[in-house]
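The values are calculated or read from the model by the stated rules, or taken from the named source; none is laboratory data. Quick caveat, the model's predicted, so the values are computed rather than measured. With ideal geometry, Cβ positions are generated from the backbone for all residues, glycine too; neighbour counts draw on all protein chains shown.
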Amino acid sequence: MRLYAVKTRIVKTGDNIVEVILESLKEQGLQLEDWDVLALTSKIVAYAEGRVAKLSDFKPSNKAKELAKKFSLQPEFAELILREADKVYGGVEKAVLTLKNGVLTANAGIDNKNAPAGSVVLWPKNAKEWAKHIREEIIRKTGKHIAVLIVDSELTPLRLGTTGLALAVVGFKPVTDCRGEKDIFGKPLVITRHAVGDDLASAAHLLMGEAAEKTPMVLIKDAPVIFDEGVYGFVDMMIPFNECIFMTAFGHP
């Protein structure tokens, strides 16, 4: 597998994201081929969709003020968390653990990084539909049968730092069911499923970086994935609460 970090100009609200992608690939001398995977950070999708919020536009409620005081947050930021999160569990200084679209994530996916001063970037409203649109447009313009992966960062319990998270996958299976396969000693696997989408997101995330790299795209060639015509979003990669080792261990329904 080969991965190529792709630099772009700063994406702004209303930009044609497919044109940005194709222009950036051309500028760096990179050619799309059939069965390539194009990984995109969720942030440029959010910018194109207009999911950038000015904190001054939000008046914090009393509940937001309490949340802000407890976890050392800006009250307006806390208000946005309450509006975006499906559930708030608790947190630490500067970070609140939330449930958003079936994903346990910090601050409901809202991010200060790489946002204009006084603003934050939210998750795209429908990453799956954006991935589908981007793939269809690239296939139409280039004739190349590619897959698209929308990437964000995530936290792992008791592990320091962020890794990659697949918000949406179009064109390959994001989860491989290994149950029933045999290990090297001939024993059948009972519960193992391989999060291929998240693994590929982490590989891309390593090249995208977390600061001022300006590499919101990674072109992936010869990825060991099962290509298909599927369109996969949060629900398709989510494990039910009653099967999740973390949720059940901490007593959440």
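A compact table of results
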| quantity | calculated |
| --- | --- |
| Where Phe241 falls short, out of the listed (1) under 28 Å from Thr8 (Cβ atoms); (2) in contact with a His (Cβ under 9 Å, 6 or more places away or on another chain); (3) not small (Gly, Ala, Ser) | (1) |
| Residue among Val151, Val103 that is among the aliphatic types (A, V, I, L, M), assigned by TED's automatic domain parsing to the domain that holds Ser42, touching a Gly at 6+ places or on another chain (Cβ under 9 Å) and under 23 Å from Pro240 (Cα atoms) | Val151 |
| Lone qualifier among Val169, Val121, Val196 - being touching a residue at least 40 places away in the same chain (Cβ under 8 Å), of a type in the set (A, V, I, L, M, F, W, C), farther than 15 Å from Ile44 by Cα and touching a strand residue (DSSP E or B) at 6+ places or on another chain (Cβ under 7 Å) | Val169 |
| Filter result for Ala46 (surrounded by fewer than 20 Cβ atoms within 10 Å (Cβ to Cβ), under 27 Å from Gly14 (Cα atoms) and in contact (Cβ under 8 Å) with a residue 40 or more places away in the chain) | no |
| Complete set of residues in the range 18-43 that are hydrophobic (A, V, I, L, M, F, W, C) and surrounded by fewer than 19 Cβ atoms within 10 Å (Cβ to Cβ) | Val18, Leu22, Leu30, Trp35 |
| Candidates Phe227, Phe250, Phe246, filtered to the one that is of a type in the set (Phe, Trp, Tyr), touching a residue at least 60 places away in the same chain (Cβ under 8 Å) and under 22 Å from Asp86 (Cβ atoms) | Phe246 |
| Of the criteria (1) in a loop (DSSP other than H, G, I, E, B); (2) touching a residue at least 40 places away in the same chain (Cβ under 8 Å), which one Ile239 fails | (2) |
| Positions within the range 17-45 being in a helix (DSSP H, G or I) and either in the same structural domain as Lys113 (by TED's automatic domain parsing) or β-branched (Val, Ile, Thr) (or both), in sequence order | Ile17, Val18, Val20, Ile21, Ile44, Val45 |
| Residue match in the range 146-169 (condition: more than 23 Å from Thr13 (Cα to Cα) and of a type in the set (D, E, K, R)) | yes |
| Search result, residues across the range 225-246 that are within 25 Å of Asp34 (Cβ to Cβ) and either surrounded by 17 or more Cβ atoms within 10 Å (Cβ to Cβ) or not hydrophobic (A, V, I, L, M, F, W, C) (or both) | Val225, Asp228, Glu229, Gly230, Tyr232, Gly233, Asp236, Met237 |
| Qualifying residue in the range 3-16 (condition: modelled with pLDDT of 95 or more, within 16 Å of Met208 (Cβ to Cβ) and in a helix (DSSP H, G or I)) | no |
